[in-house]
1. Compute the long axis of helix 22-45 from its Cα atoms, compare it with the longest principal axis of the Cα atoms of the chain, and write down the angle in degrees, 0 to 90, nearest 10.
2. Pull out the extension gain between Asp96 and Val45, defined as 0.36 nm times the separation in residues minus the alpha carbon to alpha carbon distance; nm, one decimal.
3. Can you compute 3J(HN,Hα) from phi for each residue in region 82-89, using the Karplus curve 6.51 cos²θ - 1.76 cosθ + 1.60 with θ = phi - 60°, rounded to whole Hz and x for Gly and Pro?
4. So how far apart, in nm, are the two label points at Ala77 and Ala16 if each is 7 Å from Cα heading toward Cβ?
5. Helix-only mean residue ellipticity at 222 nm, the chain, DSSP H runs n ≥ 4 weighted -39,500 (n - 2.57), per residue, nearest 500. What is it?
6. If I take the Cα coordinates of region 6-45 and project them onto the principal axes, what are the three extents in Å, biggest first?
7. Would you mind calculating the gained length between Ile57 and Ser38 on full extension (0.36 nm times residue separation, minus the Cα-Cα distance), in nm to one decimal?
8. For a quick check: with amide H placed at 1.01 Å from N, whose amide H comes under 5 Å from Ala84's, ignoring anything fewer than 5 positions away on the same chain?
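Every read-out reported here was derived from the displayed coordinates using simple, explicitly stated rules and does not represent laboratory data. Being a predicted model, the structure only gives us computed values, none of them experimental. Here the Cβ positions follow ideal geometry from the backbone for every residue, glycine too, while neighbour counts run over all protein chains shown.
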Amino acid sequence: MSEINREAVAHLAQLARIEMTAEELDKMAGELDVIVDSIKTVSEVAGDDVPATSHPIPLTNVFREDVPGQTLTNEQALSGAPDAEDGRFKVPAILDEE
């Protein structure tokens, strides 16, 4: 017996304010019914001993430990700058502010 029928799809389309033709309603009802049946089949097969799966591959944290390392001195950082002032990079103003 079909869980999803044309009237249910028409009602949902109206709630979502989606305009659908009669052909679209019939097609969508059939497609949604196949999806519901597929979910039922999987639910019947999956027992209590089968854990729920949110991702097919186990995910692990790819970040390394945050360990401070050797850093540049202020002079080293500014050594390649085209212009510097008061120990900082000097760049053109973009907001007409000082």
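1. The two axes meet at around 80 degrees.
2. Length gained, Asp96 through Val45: 11.6 nm.
3. Each residue of region 82-89 in turn: x, 8, 9, 8, 6, x, 9, 5 Hz.
4. 5.1
5. Calculated at 222 nm, the ellipticity per residue is -12500 deg cm²/dmol.
6. That works out to 37, 19, 12 Å along the principal axes.
7. 4.6 nm
8. Lys90
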